[in-house]
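Report on the structure given below.
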Amino acid sequence: MRNRPALEPHRLAALRPRHATVAVRDSKTPSGRGLTLTPAAFTAFVGWATATATAG
């Protein structure tokens, strides 16, 4: 399994949603199921990921 570097917080902040839903999928399994989030849920996740990345 290949390790990928974590996104820097400034790049995560640039991922703010611009649509009614945000679709997320596992890039290792392109034909697999996706996850659809509301913009608010995605924004909350980005905030959590940013805080987690800077705390570690």
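Of all residues in the range 1-37, those satisfying the criterion of being among the hydroxyl-bearing types (Ser, Thr, Tyr), open to solvent by 80 Å² or more (accessible area, probe 1.4 Å) and either modelled with pLDDT under 85 or in a loop (DSSP other than H, G, I, E, B) (or both) are 21, 31. Taking the range 38-55 as the range and being of a type in the set (Gly, Ala, Ser) and open to solvent by 70 Å² or more (accessible area, probe 1.4 Å) as the test, the residues that pass are 40, 55.
The values are calculated or read from the model by the stated rules, or taken from the named source; none is laboratory data. What you see is a predicted model; the values in this text were computed from it and never measured. Areas reflect the complete protein model, heavy atoms only, side chains present, ligands, DNA and RNA absent. Shrake-Rupley method; radii C 1.70, N 1.55, O 1.52, S 1.80 Å.
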